[in-house]
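A.B. asks: Handing you this structure, nothing more for now.
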Amino acid sequence: MYKTQAEAKEFLAAFLPEIQESAPERGVLLCVPFTNLHTMSQQLHGSHVRLGAQNIHWEAQGAYTGEISGPMLKETGITHVVVGHSERRQYFGETDETVNLRLKAAQSYGLTPILCVGESKAQRDAGETEAVIEKQLKIDLVDVDQTNLVIAYEPIWAIGTGDTCAADEANRVIGVIRSQLTNSDVTIQYGGSVKPGNVDEIMVQSEIDGALVGGASLDPAGFARIVNYQ
């Protein structure tokens, strides 16, 4: 929940020049608050940067005050939508069952959902990381098309805390996630205190296809350094 429309325009003015030389195969996606989608869509026209939303409801319309539907999102020209982010699960009552409904809704409108999964500090300390994630995937992915899907492994204990999961451990867990899928080619990202100072080590890992960047994406120069990882 960052940036007014004016602030978003300022961000793009500083960010886009910094990534002009980045390799074209490096997909760059900004998932912004709903109020910024229309403005950002206009500002990004002709750019290789794609646009996504942070949530989607499973119904096309209805008495769901405060929610947003697939048709509303499609109209803004977005391509992706985040589903099941740990903050939605932690603060707003999101369950694996509602995550599943949102995933299927996103795909039904031609959007690519970014499914977030991950364990809490207590679950990791109890040695339950694999079991927790396998349970999430089992419910989340019922009847979901795995050819139109991105998954982000975001250990909850590493989000906004400054604690980053060791790159080799993130790689191991992402390998576990991949082993649970029917489509091993699904793009799987790591998210959790990704910063300019650790992105190179993260991105060299064999199982990690990308990064889901939180707080470090708010600074245009820092986020550009992440996009331009070595």
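The values are calculated or read from the model by the stated rules, or taken from the named source; none is laboratory data. None of these values were measured; they are calculated from a predicted model. In this analysis, Cβ positions are derived from the backbone assuming ideal geometry, glycine residues included, and neighbour counts consider all displayed protein chains.
A.B. asks: Which one of the conditions (1) closer than 20 Å to S217 by Cα; (2) in contact with a Ser or Thr (Cβ under 9 Å, 6 or more places away or on another chain) does Q90 fail to meet, given that it meets all the rest?
C.D. replies: In the conditions (1) closer than 20 Å to S217 by Cα; (2) in contact with a Ser or Thr (Cβ under 9 Å, 6 or more places away or on another chain), Q90 misses (1) alone.
A.B. asks: Which residues, counting only those in region 1-33, are of a type in the set (A, V, I, L, M) and within 21 Å of the chain's Cα centre (by Cα)?
C.D. replies: M1, A8, L12, L16, I19, A23, V28, L29, L30, V32
Yes or no, residue by residue, for (1) among the acidic types (D, E); (2) surrounded by 15 or more Cβ atoms within 10 Å (Cβ to Cβ); (3) in contact (Cβ under 8 Å) with a residue 12 or more places away in the chain; (4) over 24 Å from V32 (Cβ atoms):
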| position | (1), (2), (3), (4) |
| --- | --- |
| T147 | no, no, yes, yes |
| E154 | yes, yes, yes, no |
| V173 | no, yes, yes, yes |
| I177 | no, yes, yes, yes |
| N183 | no, no, yes, yes |
| Y190 | no, yes, yes, no |
| M203 | no, yes, yes, no |
| A211 | no, yes, yes, no |
| P220 | no, yes, yes, no |
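A.B. asks: Read through the list (1) in a loop (DSSP other than H, G, I, E, B); (2) in contact with a helix residue (DSSP H, G or I) (Cβ under 9 Å, 6 or more places away or on another chain), then give the number of the only condition that V173 fails.
C.D. replies: With respect to (1) in a loop (DSSP other than H, G, I, E, B); (2) in contact with a helix residue (DSSP H, G or I) (Cβ under 9 Å, 6 or more places away or on another chain), V173 is out only on (1).
A.B. asks: Can you name every one of the strands (runs of 3 or more DSSP E) wholly within region 1-85 that holds 3 or more residues which are crowded, with 20+ Cβ neighbours inside 10 Å?
C.D. replies: 49-53, 80-83
A.B. asks: Hey, Q146 hits all of (1) part of a helix (DSSP H, G or I); (2) within 14 Å of I177 (Cβ to Cβ) but one; which does it fall short on?
C.D. replies: (1)
A.B. asks: Six or more apart or on different chains, Cβ under 8 Å: which pairs go from a residue in region 50-73 that's among the aromatic types (F, W, Y) to one that's outside any loop (DSSP other than H, G, I, E, B) and surrounded by 11 or more Cβ atoms within 10 Å (Cβ to Cβ)? Could you list them?
C.D. replies: Note: pairs meeting the criteria are W58/T98; W58/L101; W58/R102; W58/K104; W58/A105.
A.B. asks: Can you confirm whether region 113-129 contains a residue that is surrounded by fewer than 15 Cβ atoms within 10 Å (Cβ to Cβ) and either touching a residue at least 60 places away in the same chain (Cβ under 8 Å) or in contact with a helix residue (DSSP H, G or I) (Cβ under 6 Å, 6 or more places away or on another chain) (or both)?
C.D. replies: There is at least one residue in region 113-129 that is surrounded by fewer than 15 Cβ atoms within 10 Å (Cβ to Cβ) and either touching a residue at least 60 places away in the same chain (Cβ under 8 Å) or in contact with a helix residue (DSSP H, G or I) (Cβ under 6 Å, 6 or more places away or on another chain) (or both).
A.B. asks: Checking T182 against (1) closer than 19 Å to G84 by Cα; (2) modelled with pLDDT of 95 or more; (3) outside any helix (DSSP H, G or I), only one condition comes out false. Which one?
C.D. replies: Unmet for T182, out of (1) closer than 19 Å to G84 by Cα; (2) modelled with pLDDT of 95 or more; (3) outside any helix (DSSP H, G or I): (1).
A.B. asks: It is to be established whether one or more residues within region 157-169 are surrounded by fewer than 17 Cβ atoms within 10 Å (Cβ to Cβ) and at pLDDT 95 or above.
C.D. replies: yes
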